[in-house]
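Heads up, the thing below is written out as structure tokens.
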Amino acid sequence: MQAVHNLSKNLIRFGVGLATVGAVVNSALYNVDGGQRAVIFDRFTGVKPDVVGEGTHFLIPWVQKPIVFDIRATPRNVAVVTGSKDLQNVHTTLRILFRPIPEELPKIYTNIGVDYDERILPSITNEVLKAVVAQFDAADMITHRELVSQKVNEELTERAAQFGLLLDDISLTHLSFGKEFTQAVEMKQVAQQEAERARFLVEKAEQMKLAAIIAAEGDAIAAELLGTAFQQSGDALIELRKIEASEEIAAQLAKQKNVTYFPPNLSPLLNIPQQKCEKKRQNGESKLYNSKTVSSGIKYDYDLEAGVDYGAYSEGDSAEVSDFESDSVDQTDCGDSYEDGMNSYADFTIDDECNFKLKVFINF
């Protein structure tokens with residue numbers, strides 16, 4: 001029984017010792033994750049100059065303490081209200097992508113602390129922006145925004161490096177002015193646009209005036225050339241212009257779908273014969289007869305006294321009458337003649353309306 005009691009007591013002592021050793025070993029280990037670095041603070045010597053990298057490391061428990069820093073790039077927005085060269089209020093916002101320089105971590109922890117970004121970035125950003133913006137007028141900042149951003153980037157990067165910070169990117173995300181200045185800029189833009197429009201109208205009027213002068217000079221030269229051409233060619237130029245106009249009209253009509261063309265001397269009405277020249281005869285008397293649209297080869301029927309067949313006459317036909325004479329009624333004689341094999345039909349006229357006129361006397 002005594003042996004069992006002693007064994008239990010020894011096990012308890014062993015367990016307590018093992019737990020103590022485990023606690024000591026655990027307190028002597030610390031981890032540094034990816035994207036982090038550590039600085040060791042010693043209670044006797046202070047901050048060690050060495051920077052501890054990623055992994056599991058040993059330290060002296062209760063004497064040394066690890067301070068872990070994130071060295072990955074971190075974004076931060078800083079808003080600043082400052083004044084321009086012409087004393088206008090300028091509202092700006094910078095987006096800064098920053099990270100600490102690993103080799104400078106002991107210095108950063110010693111001089112600034114773990115909240116270095118809260119202590120450093122707002123102050124140096126405010127300082128640099130005020131210095132840069134004061135070099136420009138408000139209107140120039142609008143037109144030279146890229147130059148302003150470049151100057152801020154250069155000076156802010158230089159200032160941050162003095163505190164052990166590396167700035168990967170600096171962007172001027174917001175730039176605005178006071179309400180009064182904004183209204184003044186808008187009114188100026190409107191005035192400039194109106195001035196540009198007025199200048200355009202003036203230039204347009206000048207160009208139209210110049211075009212009118214050139215057109216008038218061209219018309220004068222054309223009139224002079226036409227006068228010379230008329231003197232040299234007479235009516236030939238007029239006929240040429242008529243032909244050209246006819247070609248243009250024909251080209252325009254050819255494009256129309258609802259236009260129908262008929263051959264010459266063909267009536268557009270179907271099954272309606274051409275109008276014929278009718279000559280009615282009374283013995284011993286002369287009559288005046290008309291026919292429409294005289295053309296070569298068209299047949300003219302002579303409807304004489306009822307019950308008597310006198311045949312039909314056309315150009316070149318033979319007549320069975322003993323005598324057929326025609327005299328011109330008005331206008332000058334045309335001088336043409338039609339032969340029927342027996343008699344000569346002469347002296348016919350065609351008036352201005354293309355009507356064929358004969359004064360006919362027939363003897364049997």
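The values are calculated or read from the model by the stated rules, or taken from the named source; none is laboratory data. This is a predicted model, so every value here is computed, not measured. Cβ: placed from backbone, ideal geometry, glycine included. Neighbour counts: every protein chain shown.
It is to be established whether one or more residues within the range 153-166 are part of a strand (DSSP E or B), acidic (Asp, Glu) and within 16 Å of residue 98 (Cα to Cα).
Going residue by residue through the range 153-166, those that are part of a strand (DSSP E or B) are 165-166.
Next, from what is left, pick out any that are acidic (Asp, Glu): none.
For the range 153-166, residues part of a strand (DSSP E or B), acidic (Asp, Glu) and within 16 Å of residue 98 (Cα to Cα): absent.
Of the residues 185, 190, only one is modelled with pLDDT under 85, surrounded by 11 or more Cβ atoms within 10 Å (Cβ to Cβ) and of a type in the set (A, V, I, L, M); which?
Exactly one of 185, 190 is modelled with pLDDT under 85, surrounded by 11 or more Cβ atoms within 10 Å (Cβ to Cβ) and of a type in the set (A, V, I, L, M), namely 185.
In the range 45-61, which residues are touching a Ser or Thr at 6+ places or on another chain (Cβ under 7 Å) and assigned to a strand (DSSP E or B)?
The answer is 47, and nothing else.
Rundown of residues vs (1) among the basic types (Lys, Arg); (2) farther than 30 Å from residue 39 by Cβ; (3) in contact with a Lys or Arg (Cβ under 9 Å, 6 or more places away or on another chain); (4) crowded, with 17+ Cβ neighbours inside 10 Å, yes/no style:
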site	(1), (2), (3), (4)
96	no, no, yes, yes
134	no, yes, yes, no
148	no, yes, no, yes
160	no, no, no, yes
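Would you call residue 115 under 30 Å from residue 42 (Cβ atoms), acidic (Asp, Glu) and surrounded by fewer than 18 Cβ atoms within 10 Å (Cβ to Cβ)? Show your work before the answer.
Working: under 30 Å from residue 42 (Cβ atoms): yes; acidic (Asp, Glu): yes; surrounded by fewer than 18 Cβ atoms within 10 Å (Cβ to Cβ): yes.
It is true that residue 115 is under 30 Å from residue 42 (Cβ atoms), acidic (Asp, Glu) and surrounded by fewer than 18 Cβ atoms within 10 Å (Cβ to Cβ).
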